[in-house]
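Student: One structure coming up, written as structure tokens, with questions to follow.
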Amino acid sequence: MNCDLKYMKMALKLAKKGRGYVKTNPLVGSVIVKNGVVLSTGYHRAYGEYHAERNTILNLKTSARGATLYVNLEPCVHYGKTPPCTDIIIENDIKRVVVGTLDPNPVVAGKGIDKLRKNGIIVDVGIMERQCSKLNEIFFHNIKTKMPFVALKFGMTLDGKISTSSGMSKWITNVEARKHAHFLRSIYSGILVGINTVIEDDPQLNCRLIGRRNPVRIICDTNLRIPLDCNVVKTAKKQKTYVACSVRDDRKINKLKEAGVQIINVEKLNGRINLKQLLFKLYDMGIDSVLVEGGSEINYGFVENRLINAVYSYVAPKLVGGSRAKTPIGGDGIQNLNEALNLRNENVKFLGDNILLEYRSACFGK
């Protein structure tokens, strides 16, 4: 069993290499071991490419006959963009397969395990199951809801302010916290802000870590107020950019399209973008996860509509005060504490003198 843990940890570490690249597919790593020797490793590198098990087997330098294959997610049994992983496992006479967790996708969902067992392969399921499920929380959420996984991210002072009363917000958090925030941008498919953030801060909304990918940019702009000379418009041909709006201003839309911006038409709800409808549209476009980095109003929209799955809160040891200084969540708020969105702590991490508090919605992942 200790060996099983050792090699499953190795598979999980490999799987993480696919963060930001596998899109609506799961993160999967795989290891082949025989007589205590690792024969091959592999992982799912990118959406549309071979899955982890097939990559691992193709990386073999010697026969895998009689070996054990470790994989954090149940091998697929269906044809998609690539052939079934169960077939190549069977063809290579692997004796035992150790699986972290079952695949919730209805086209797999235990069928991969059944096929392997019917072909005489020993299959053990549930090694590091909690860790394996957590790694693929985005994929599991996608399968269940057909919506992107939504994470809310903000940096604030110890007294809960995201800016001073004059609007100054640079820099509340330290360099380490900002670096971690850019890492989050690299692993989420999209980054979403409201139009006020674009008008007030003119952000670039990119990832500034060398070798990491940029997220797709999504601007919620109900009445299409976005300036044509802002950074996100000027760089739209280099970094995919969407503007979600609820008006038909053909003249401005054409200018935005000429600049490379893509338009998403979304209905209004209470005078603003219908966020739930937008999320469904984003998922249909292949965006499996969204990092919300908006101001307090757009943040409240997601909280009010119960569309938050995760929260990343960076807390800096500063006190600024001010009743007019903005807090992370604006809007009208709730009247009764029983209506509050409850969260479950997942992690506390020190980033220099800042603290990252990571949460999941209390109803998520049960």
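The values are calculated or read from the model by the stated rules, or taken from the named source; none is laboratory data. Small disclaimer: the values here were computed from a predicted structure and weren't measured. With ideal geometry, Cβ positions are generated from the backbone for all residues, glycine too; neighbour counts draw on all protein chains shown. Please note that ligands, DNA and RNA were not included when accessible areas were found on the heavy atoms of the full protein model with its side chains. Shrake-Rupley method; radii C 1.70, N 1.55, O 1.52, S 1.80 Å.
Student: Per-residue ellipticity at 222 nm for the chain, helices alone: DSSP H runs ≥ 4 residues times -39500 (n - 2.57), over residue total, nearest 500 deg cm²/dmol?
Tutor: It comes out at -8000 deg cm²/dmol, rounded to the nearest 500.
Student: Can you classify region 291-366 as rounded, prolate or oblate using the Cα gyration tensor, where a ≥ b ≥ c are the square roots of its eigenvalues, rounded means a/c under 1.5, and otherwise it's prolate if a/b beats b/c and oblate if not?
Tutor: oblate
Student: Under a 10 Å cutoff between Cα atoms, tell me which one of M147, M128, M168 has the largest fluctuation in the Gaussian network model of the chain.
Tutor: Of M147, M128, M168, the Gaussian network model singles out M168 as fluctuating most.
Student: Additional query: Choose one answer from K61, K16, K237: the residue with the largest mean-square fluctuation in a GNM of the chain with alpha-carbon springs under 10 Å.
Tutor: Checking each option, the largest mean-square fluctuation is seen for K61.
Student: Considering only C-alpha atoms, what is the centroid distance from region 3-57 to region 208-282, in Å?
Tutor: 35
Student: Share of the chain's accessible area from carbon and sulfur, percent, 1.4 Å?
Tutor: Of all accessible area on the chain, carbon and sulfur atoms account for 49 percent.
Student: Further, regarding this structure: Roughly how many debye, to the nearest 20, is the charge dipole of region 72-133 about its Cα centre, given +1 on each Lys and Arg Cβ, -1 on each Asp and Glu Cβ, and no other charges? Working shown, then result.
Tutor: Values: 8 positive and 8 negative charges, 12 e Å.
With only Lys, Arg, Asp and Glu charged at Cβ, the dipole is about 60 debye.
Student: Assigning unit charges at the beta carbon (Lys, Arg +1; Asp, Glu -1) and nothing else, what dipole magnitude in debye, to the nearest 20, does region 113-179 show about its Cα centre?
Tutor: Here region 113-179 has a charge dipole of around 220 debye.
Student: Shifting gears a bit: If one takes the longest principal axis of the Cα atoms in the chain, at what angle in degrees, from 0 to 90 and to the nearest 10, does the Cα axis of helix 2-15 lie?
Tutor: 50
Student: Now for a separate question. Keeping every protein chain present and rolling a 1.4 Å probe, give me the accessible area per residue for the chain in Å². Don't jump to the answer; show the numbers that get you there.
Tutor: Details: 17940 Å² over 366 residues.
With all protein chains present, the chain gives 49 Å² per residue.
Student: Quick one: which residues, 5+ away or cross-chain, put their amide H under 5 Å from the amide H of G155? H built at 1.01 Å from N.
Tutor: It is Y314, by chain and number.
Student: Also, quick follow-up: With all protein chains present and a 1.4 Å probe, how do T82, T164 order by accessible area, largest first?
Tutor: Working: T82 10, T164 40 Å².
So the residues, ranked largest to smallest area, are T164, T82.
Student: I would also like to ask the following. Which GluC sites (Glu not before Pro) in region 252-329 sit in a loop by DSSP (not H, G, I, E or B) and have at most 13 other Cβ atoms within 10 Å of their own Cβ?
Tutor: Those satisfying the criteria are E267.
Student: Bin by bin, in steps of 10 Å, what percent of the Cα pairs in the chain do you find, going until the bin that has the longest distance?
Tutor: The calculated distribution, bin by bin, is 5, 22, 28, 22, 14, 7, 1.
Student: Also, I was wondering about something else. Ordering S246, S165, S323, S361 by how much accessible area each has at a 1.4 Å probe, largest first, what is the list?
Tutor: From most accessible down to least: S323, S165, S246, S361.
Student: Continuing with the same structure: For R96 and K13, FRET efficiency with R0 = 22 Å and r from the beta-carbon atoms, rounded to 0.05?
Tutor: Numbers: r = 21 Å, r/R0 = 0.95.
Calculated value: 0.60.
Student: Okay, moving on. Separation between the V125 and V247 pseudo-spin-labels, each 7 Å from Cα along Cα→Cβ, expressed in nm?
Tutor: About 5.3 nm separates the two model spin labels.
Student: Let me ask another. Using +1 at the Cβ of each Lys and Arg and -1 at the Cβ of each Asp and Glu in the chain, identify which of N55, L337, I355 lies farthest towards the dipole's positive end.
Tutor: N55
Student: Here is a further query. Using the Cα centre of the chain as the reference point, and only Cβ charges (+1 on K/R, -1 on D/E), how large is the resulting charge dipole? Debye, rounded to the nearest 20. The partial results should precede the final answer.
Tutor: Numbers: 55 positive and 33 negative charges, 158 e Å.
For this selection, approximately 760 debye.
Student: How far is it, in nm, from the label point at Q204 to the one at A259 when both lie 7 Å from their Cα along the line to the Cβ?
Tutor: So the label points at Q204 and A259 sit 1.7 nm apart.
Student: What do you reckon, how do F139, F350, F280 stack up by accessible area (1.4 Å probe), largest on top?
Tutor: F350, F280, F139
Student: Just report the Cα centroid separation between region 72-96 and region 99-161, whole Å.
Tutor: The two parts, judged by their Cα centres, are 18 Å apart.
Student: Given the whole protein assembly as supplied and a 1.4 Å probe, what does the accessible area of R45 come to in Å², nearest 10?
Tutor: Ignoring ligands and nucleic acids, R45 comes out at about 130 Å².
Student: Filter the cross-link list K146/K268; K81/K115; K144/K276 down to pairs whose alpha-carbon distance in this structure exceeds 26 Å.
Tutor: Exceeds cut-off: none, every pair is within range.
Student: Turning to a different aspect of this structure: If a/c stays under 1.5 just call it rounded; otherwise compare a/b with b/c (prolate if a/b is bigger, oblate if not). Do that for region 232-332, with a ≥ b ≥ c from the square roots of the Cα gyration tensor eigenvalues.
Tutor: Prolate shape, in that a/c is at least 1.5 and a/b is the bigger ratio.
Student: Once a ≥ b ≥ c are taken as the square roots of the eigenvalues of the Cα gyration tensor of region 131-244, is the result rounded (a/c under 1.5), prolate (a/b larger than b/c) or oblate (a/b not larger than b/c)?
Tutor: In terms of gyration-tensor shape, oblate.
Student: Taking amide H positions as placed in the peptide plane 1.01 Å from N, state which residues far from L39 in sequence (5 or more) or on other chains have amide H under 5 Å from it.
Tutor: The answer is I32, V33, K34.
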